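Participant: Dumping the structure here so I can ask a few things about it.
The values are calculated or read from the model by the stated rules, or taken from the named source; none is laboratory data. Because the structure is predicted, anything quoted here is derived from the model rather than measured. Note that we place each Cβ from the backbone using ideal geometry, even for glycine, and neighbour counts take in every protein chain shown. Surface accessibility is based on the protein's heavy atoms, side chains included, excluding ligands, DNA and RNA. Shrake-Rupley method; radii C 1.70, N 1.55, O 1.52, S 1.80 Å.
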Amino acid sequence: MSTAVCPGSFDPITLGHVDVVRRARSMFDEVVVAVAHNASKRSLLPPEERVRLAEDALAGVDGVRVVATDGLLVDLVRDVAACAVVKGLRSGADLDAELAMALMNRHLSGVETVFVVGDPGRAHIASSLVKDVARHGGPIEDMVTPAVAVAVRRALAPDGGGEDGR
Ligand code: PNS
């Protein structure tokens, strides 16, 4: 059985992520979605909520499980016996950022990264932009699941406890 790890901050998971996970699942028997910590980002949602929202968003896709990891991605790849990492690309800028991580992960463990080109109709969707739109009172409902929209708005409310500094 082939297993791939689809990692990300998922802060929050978007419909663009769901599209990439579906495409990954079409290539591998099992996809482990890894909610991980990106040291260069400050999270709005705590890890356990990001996991819960990812599980909800991916409930309709079989052969997918969601896990949280606080360590190195390559350690998780080893632990779940995955043969590849899968990441989505929306643009050349994405590739610039992803290439460094792919090379580092291969240097650390030999794991290969497979890049998946997502649905161009969703190329505008980025978690950071979704949060920015919501922060300014704009509509996000066509870019995320209903549960994510509620969670983001709640976290951004004055007493919502967001921006946890991670
Ligand atoms: O959605 P993102 O923020 O682009 O995902 C980046 C992420 C979380 C996959 C990356 O930062 C990561 O792998 N973090 C886990 C710690 C790690 O392995 N760091 C070295 C990566 S080369």
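Participant: Given the structure, is residue 135 within 20 Å of residue 54 (Cβ to Cβ) and surrounded by fewer than 20 Cβ atoms within 10 Å (Cβ to Cβ)?
Facilitator: no
Participant: I've got another one for you. If a residue must be of a type outside the set (S, T, N, Q) and either more than 16 Å from residue 8 (Cβ to Cβ) or open to solvent by 40 Å² or more (accessible area, probe 1.4 Å) (or both), how many such residues does the range 88-99 contain?
Facilitator: Number satisfying all stated conditions: 7.
Participant: I need every pair where a residue in the range 27-47 that is of a type in the set (Ser, Thr, Tyr) has its Cβ under 7 Å from the Cβ of a residue that is away from the ligand (no atom under 13 Å from the Cβ), sequence separation at least 6 or different chains.
Facilitator: Sorted first by the residue in the range 27-47, then by its partner, the pairs are 43/164.
Participant: Follow-up. Just to be sure I understand the filter: pairs with C-beta atoms under 6 Å, separated by 6 or more residues or on different chains, first member in the range 100-126 and among the polar types (S, T, N, Q), second member open to solvent by 60 Å² or more (accessible area, probe 1.4 Å). Which pairs pass?
Facilitator: none
Participant: From the list 33, 64, 5, which residue is within 16 Å of the ligand (Cβ to nearest atom), in contact with a strand residue (DSSP E or B) (Cβ under 7 Å, 6 or more places away or on another chain) and closer than 24 Å to residue 146 by Cβ?
Facilitator: Every option except 33 fails the conditions.
Participant: Please work out if residue 142 is acidic (Asp, Glu) and either in contact with a His (Cβ under 9 Å, 6 or more places away or on another chain) or under 18 Å from residue 18 (Cα atoms) (or both).
Facilitator: Yes, satisfied.
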